[in-house]
Amino acid sequence: MHRIILIFFSLLIIFSVARSDELLEKYTISGYITDVANGEALIGATVYVNEIKGGSITNAYGYYSISLEPGAFTIEYRYVGYTTISRQISLQKNIDINIELEEVNRELEEVVILAEKMNTDVESVEMSVNKLDIKTIQRIPALLGEVDIIKSIQLLPGVSTVGEGASGFNVRGGSVGQNLVLLDEAPVYNSSHLLGFFSVFNPDAVKDVKLYKGGIPAQYGGRISSILDIRMKEGNQKKFATEGGIGTIFSRLTLEAPIVKDRSSFVVAGRRSYIDVLAKPFTDVLDEGAQLYFYDLTLKSHYDFSQKDQLYISGYFGKDVFKFDAQQGFSWGNSTATLRWNHLFDERLFFNLTGIYSDYDYNLAFGENDLDKFEWESRIRTISFKPRLTFFLSPDNAWDFGGEFNYYRFNPANAYGISNGEIANITLDKKFALESALYLSNEVKIGPSVGLQYGLRFSGYMYLGPGSKYEYGEAEPGKRKPVTSVETYDDFEVIQDYNNLEPRLSFRFQMNGNSSLKVSYNRIYQYIHLISNTTASNPLDVWTPSTNNIEPQRGDQYALGFFRNFGPKNDYESSVELYYRDTKNQIEYIDGADLLINEYLEGDLLSGIGRAYGAEFYFKKNTGKFNGWISYTIGKTELKVDGINNGEWYPTRFDQLHNLKIAAFYDINPRWTLSANFIYLSGTPTTFPTSRYNIQEYLVPYIGSYARNNIRIPDYHRLDISATLYGKKYKKNGERRKNEDYWVFGVYNLYARRNPFSIYFSNGVDRPVPGEPISTTATRVSVIGTIIPAVSYNFKF
């Protein structure tokens, strides 16, 4: 199979290179596109050459490059929400042209956007990709009025969650642990604050949010479900600026300023909740050492040494603390650091070198005093190195090649218990792994109608010492496997290794100016795994590497899409996408699996196959006073594991047949805006007993045939609304105000729906009367069962 893949991609490469025009007679126009107000690079800005009816877009650093034959050209620089700049160019040599675009004000926004023909979704080779700009995210009604990145992407087609209080998100039936979340290229292992109610990303420090659900480029790997790529601001290069907000539950403040004007800048953004501060006057619990808060700090700085060299450094530090008293509670937090260097070898060859550090830790403690207590600490630490080269061969042909090297250090449990002063150390050995990859990809346009993006990624993985290799014997399907042998390995000895090819392919056929047909395929291997058998992922779930007993997960996804735009300026966009994902080596658990602090965890794990398939429908209105989108997904996600459900297919715990989202915005006037969103999700599966036994007047539930997820909880639906009041822009004397501010008034869960999170059964509290039926109770748990109003004040100057 690997030989066939290599032959196929070799032929594609030969074809792509063979059809390239002679470059010796061409010259290159290149440069950076930035925001005139603050110098921020504009990601995905369009550079359109009228004479060739095509062009290029800027990369993640705002850089573009177009090679053309000598001559006169009219070039338009465009970005949605910004005024367009047109330049007349006489091209007789290589030219550097840096462009600063000006953002339109709210009074003119509708007119300017209508002037641009929105057709990117039809013309791009990309499919199964969604991009949200921060301005849109800020308009979406949110819990307690706080803008949230993760909650916003959950309004997109194919994206869901199992309910309030659930960490992370699910994409096309994948689990939370199958999503790769990147903040300035650094992996974030838990993207949630406050047990999933808020995300760790401060919106004031975020510039770009892009979600890949399919057709994933070869530069990405490591997760089989999706890639969420979040890019931070670089900081204002023009002047000092401050923005922030005061909300119901937390406040935030962001400072940014130039270090050297137009060459270097920084941004610092911080948030801190104050539930504990507000509650302290009303309770004495906090006097006993209880704590309930979270905070995060986001930083970034960059320096332009020249047109050819830029340096970026960024970091994130966040923590959640839940302490019930001075001795008991739990906490978790992320820390990341990214150092990047960009270099232009020439106008067509762009190089980026990235070094990354990521650390996620979580802690649990309980006990009455120092003589009787339990403490557990766990963490995963990652050090990464990523070189990448992009070669702009021509306006219709670009190559991307590079590598990725990730070193993992897992600390599953640093734990001990104390009982009557006696210490029991139950710490587990650390685990180590090295994941590496090399990739090559090419995006090429073949005539006006056909676009092709293909790539090949070779991934390698080594499970390293020091550590132990466990061998397990056979067991009845669904039962715990016994340990048969243990072998010890020294530092950096290879305990187990895997090598795999990951082909990627996307194809677009443009039927006419307003519609296109797209097809994509990607194969991805996932070498680290999130171990969780709870209804929803939580901060104490354990990450573990692939070993000789846990094989890497494999995902093959196929997608077919039809894209069509409407309106005089294509201001309505629509799409229908069909997808099918086939997965191997999916992790499941025996009944009664012991997942925490278990040296023989692998004996409690099962492996099976999975499938996810469905259709996504998306309709969006981009312009006018009334705009927004509707998305609907119908899909199924199932597993088949020997030892569960008699070896038959069964739904995963995040399977949702129907997923309907509506987001609507209405601009009443330049000062008032109304927003609303409605969500409807099918109930998620759960496991109920199939029978019960009466043993000495107590009922004992029993699940027959190893049934799993055999019933569904009731459906989830919710309506949120908000109103935004923008401050006046001008003083009474007609002078423009230096600062901007606005109020957000919101209502979460408008009709007070008590959406079920889970259902559990219990025996009655009264002593059973002999001869009479034993009473049992089914209890439905709702995390949020009432209406939640909120108000927040936001400012910028």
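Does region 333-346 hold any residues that are touching a strand residue (DSSP E or B) at 6+ places or on another chain (Cβ under 7 Å), more than 26 Å from Tyr295 (Cβ to Cβ) and surrounded by fewer than 21 Cβ atoms within 10 Å (Cβ to Cβ), and which are they?
Hits for region 333-346 are Trp341, His343, Leu344, Phe345.
Can you name the residue in region 764-785 that is open to solvent by less than 60 Å² (accessible area, probe 1.4 Å) and modelled with pLDDT under 80 and is also nearest to Thr690 (Cα to Cα) among such residues?
Within region 764-785, the match that is nearest to Thr690 (Cα to Cα) is Ile774.
Here's a check for you: in region 514-529, which residue that is open to solvent by 10 Å² or more (accessible area, probe 1.4 Å) and at pLDDT 95 or above is farthest from Asp320 (Cα to Cα)?
Looking at residues that are open to solvent by 10 Å² or more (accessible area, probe 1.4 Å) and at pLDDT 95 or above, I get Leu517.
Return yes when Ile29 is closer than 25 Å to Ser441 by Cα, at pLDDT 90 or above, touching a Pro at 6+ places or on another chain (Cβ under 9 Å) and crowded, with 18+ Cβ neighbours inside 10 Å and no when it is not.
No, not satisfied.
Would you check which residues across region 463-491 are within 12 Å of Phe432 (Cα to Cα) and without any contact (Cβ under 8 Å) to a residue 40 or more places away in the chain and list them?
Selection gives Leu464, Gly465, Pro466, Gly467, Ser468, Tyr489, Asp490, Asp491.
Let me spell it out: the conditions are (1) open to solvent by 30 Å² or more (accessible area, probe 1.4 Å); (2) of a type in the set (Asp, Glu); (3) more than 30 Å from Met127 (Cβ to Cβ); (4) part of a strand (DSSP E or B), and Asp582 meets all of them except one. Which number is the exception?
(3)
Is there a residue being open to solvent by less than 20 Å² (accessible area, probe 1.4 Å) and within 24 Å of the chain's Cα centre (by Cα) anywhere in region 506-513?
Yes, that holds for at least one residue.
Criterion first (part of a loop (DSSP other than H, G, I, E, B), at pLDDT 90 or above and either open to solvent by less than 60 Å² (accessible area, probe 1.4 Å) or at positive phi (or both)) does Tyr61 satisfy it?
The answer is yes for Tyr61.
Check whether at least one residue in region 429-437 is among the polar types (S, T, N, Q), loosely packed, with under 15 Cβ neighbours inside 10 Å and closer than 22 Å to Arg504 by Cα, and report yes or no.
Here is the first cut: in region 429-437, the residues among the polar types (S, T, N, Q) are 436.
Then drop every residue that is not loosely packed, with under 15 Cβ neighbours inside 10 Å, which leaves none.
So far as region 429-437 goes, no, none of its residues is among the polar types (S, T, N, Q), loosely packed, with under 15 Cβ neighbours inside 10 Å and closer than 22 Å to Arg504 by Cα.
Out of the residues in region 689-714 meeting the condition of being part of a loop (DSSP other than H, G, I, E, B) and free of Cβ contacts under 8 Å to residues at least 40 places away in the same chain, tell me which one is most open to solvent (accessible area, probe 1.4 Å).
Gln696
I'd like to verify a number: residues in region 597-616 that are open to solvent by less than 60 Å² (accessible area, probe 1.4 Å) and not hydrophobic (A, V, I, L, M, F, W, C), how many?
8
Can you list residue pairs whose Cβ atoms sit under 6 Å apart, with the first residue in region 30-55 being without any contact (Cβ under 8 Å) to a residue 60 or more places away in the chain and the second being acidic (Asp, Glu) and assigned to a helix (DSSP H, G or I)? Count only pairs 6 or more apart in sequence or on different chains.
Qualifying pairs under 6 Å: none.
Being open to solvent by less than 50 Å² (accessible area, probe 1.4 Å), small (Gly, Ala, Ser) and modelled with pLDDT of 95 or more narrows it down to one of Gly447, Gly455, Gly421, so name that one.
Just a single option satisfies the conditions, and that option is Gly455.
Restricting attention to region 141-169, and to residues there that are part of a helix (DSSP H, G or I) and free of Cβ contacts under 8 Å to residues at least 60 places away in the same chain, which single residue is most open to solvent (accessible area, probe 1.4 Å)?
Filtering region 141-169 down to residues part of a helix (DSSP H, G or I) leaves 143-145, 149-153.
If we keep only those that are free of Cβ contacts under 8 Å to residues at least 60 places away in the same chain as well, we get 150-152.
Details: Ile150: 6, Lys151: 64, Ser152: 3 Å².
Here the answer is Lys151.
Kindly provide the set of residues from region 234-264 that are charged (D, E, K, R) and open to solvent by 40 Å² or more (accessible area, probe 1.4 Å), ordered by number. Give the steps one after another, and end with the answer.
Initial filter on region 234-264 (charged (D, E, K, R)): 234, 238-239, 243, 252, 256, 261-263.
Hits for region 234-264 are Lys238, Lys239, Lys261, Asp262, Arg263.
The values are calculated or read from the model by the stated rules, or taken from the named source; none is laboratory data. The model shown is predicted, which means the values in this text are computed figures rather than measured ones. Cβ atoms come from the backbone with ideal geometry, glycine included; neighbour counts cover every protein chain shown. Keep in mind that these areas ignore ligands, DNA and RNA; they rest on the heavy atoms of the full protein, side chains included. Shrake-Rupley method; radii C 1.70, N 1.55, O 1.52, S 1.80 Å.
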